[in-house]
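For reference, the structure is listed below as structure tokens.
The values are calculated or read from the model by the stated rules, or taken from the named source; none is laboratory data. Just so we're clear, the structure is a prediction, and the values are computed from it rather than from any experiment. So basically every Cβ, Gly included, is an ideal-geometry build from the backbone, and we count neighbours across all protein chains shown.
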Amino acid sequence: MDMQTADKKLVLPAESEWISVSIPEVDTKLYDGSHIYFPAHTIKVAPHYPTFEDGELVANMTQAKSAQFLRDYNQANNTNFGGPMLFEDEAIRGLGKEHAIFNENFQRNGMPWRWGYVLDFNKPYGNGAEGIGQQLVTRVLGYRLQDGDVELGVATIAPSGIVPVFSREQLEKRIGAKGLKRLEELRGREVYEKGDEVVDVRNSLGYPQFTLGHDARDEQGALLPHSHHVYTPDQSEPERVGIRGVRWLHRGGHGCFDVYLGVYADRSFSDGSVPLARGGIFGAKVTSVKEYKAEFPSAEAQVTL
């Protein structure tokens with residue numbers, strides 16, 4: 001890490017400008033049997049990607065170096081800045097793409113186009129798994145936290161495509177009762193949604209378990225409803241990291257959130273950073289299989305970067 005960069009000061013939003021985001025409880029098992037529990041918590045997210053006092057974006061760093069920069073900055077300045085894990089970023093994007101917090105992602109209101117890391121990483125594991133009419137990859141999931149990297153366990157991830165937003169009735173017509181049963185197993189919780197309630201096809205950590213083609217359409221040619229596009233690493237690829245961005249992927253300039261989970265771990269970009277956040281997970285409990293040693297602070301400590 002360039003110490004000159006670590007010593008520079010960030011331009012920080014006024015207290016009233018930080019955006020509170022409620023993060024739901026996570027209580028789930030992963031593919032390898034690891035049990036993950038995070039209590040519901042709140043984070044506060046800055047309205048813009050972080051810049052230094054000279055106006056320079058905190059950029060040109062890999063995901064790991066971005067995390068280390070924030071650790072160093074916190075230590076030097078007695079702050080608690082971090083960035084979102086994927087499941088926290090899912091909640092941030094739940095604010096809706098018209099929210100001002102995404103002006104840079106969508107290059108709106110005179111803002112430059114930018115994207116940001118989510119602080120999950122993934123590594124190869126095994127030979128994949130059977131999904132709902134598609135082959136899933138199996139990857140070791142990890143987080144970049146205050147005290148360093150933590151590996152949680154193994155999860156399944158659906159192939160690249162759109163993450164559909166279907167009601168229980170719509171999804172049942174498409175994948176049938178067997179498909180719904182398999183979705184329960186993959187996402188780690190019962191399909192409790194009924195009738196016209198939207199079924200979440202992601203697991204509790206934000207990883208989709210069922211996807212459709214990037215330009216999937218209905219019988220009338222209309223684009224199928226979806227929350228975002230996901231880009232999944234191949235089964236055997238080495239460590240990969242995640243970013244959240246936006247691309248204009250569909251006819252008519254329809255902008256969509258993109259979540260790239262297969263970005264090379266050593267890539268850095270001049271227009272990318274990490275969404276600046278305060279707060280984090282308290283009282284996490286992770287019971288991993290013996291290959292993984294995930295240790296989180298106690299309820300008195302705070303898990304951020």
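Hey, which of the strands (runs of 3 or more DSSP E) in segment 25-110, taking only ones fully inside, have at least 1 residues that are of a type in the set (D, E)? Quick ask: steps written out before the conclusion?
On the way: elements: 26-29, 35-38, 41-45.
Qualifying strands (runs of 3 or more DSSP E): 26-29.
What are the residues in segment 11-32 that are within 17 Å of the chain's Cα centre (by Cα) and surrounded by 16 or more Cβ atoms within 10 Å (Cβ to Cβ), if any?
V21, I23, V26, T28, L30, listed by residue number.
Name the residue, out of N127, N109, that is at pLDDT 95 or above, surrounded by fewer than 20 Cβ atoms within 10 Å (Cβ to Cβ) and of a type outside the set (G, A, S). Lay out the reasoning, then the answer.
Values: N109 fails: at pLDDT 95 or above.
Checking each option against the conditions leaves just N127.
If a residue has to be of a type in the set (A, V, I, L, M, F, W, C) and either under 21 Å from E130 (Cβ atoms) or touching a His at 6+ places or on another chain (Cβ under 7 Å) (or both) to count, how many in segment 190-243 make the cut?
Residues that pass the stated criteria total 9.
Only one residue in G142, G176 is part of a helix (DSSP H, G or I), small (G, A, S) and free of Cβ contacts under 8 Å to residues at least 40 places away in the same chain. Which one?
Numbers: G142 fails: part of a helix (DSSP H, G or I).
G176 is the lone residue from the list that is part of a helix (DSSP H, G or I), small (G, A, S) and free of Cβ contacts under 8 Å to residues at least 40 places away in the same chain.
Only one of D200, D218, D258 is closer than 24 Å to G96 by Cβ and more than 22 Å from the chain's Cα centre (by Cα); which? If you could, list the steps in order and put the result at the bottom.
Working: D200 fails: more than 22 Å from the chain's Cα centre (by Cα); D258 fails: more than 22 Å from the chain's Cα centre (by Cα).
Just a single option satisfies the conditions, and that option is D218.
Can you tell me which residue is farthest from R202 (Cα to Cα) among those in segment 33-52 that are at pLDDT below 95 and surrounded by fewer than 18 Cβ atoms within 10 Å (Cβ to Cβ)?
Applying the filter and picking the extreme gives T42.
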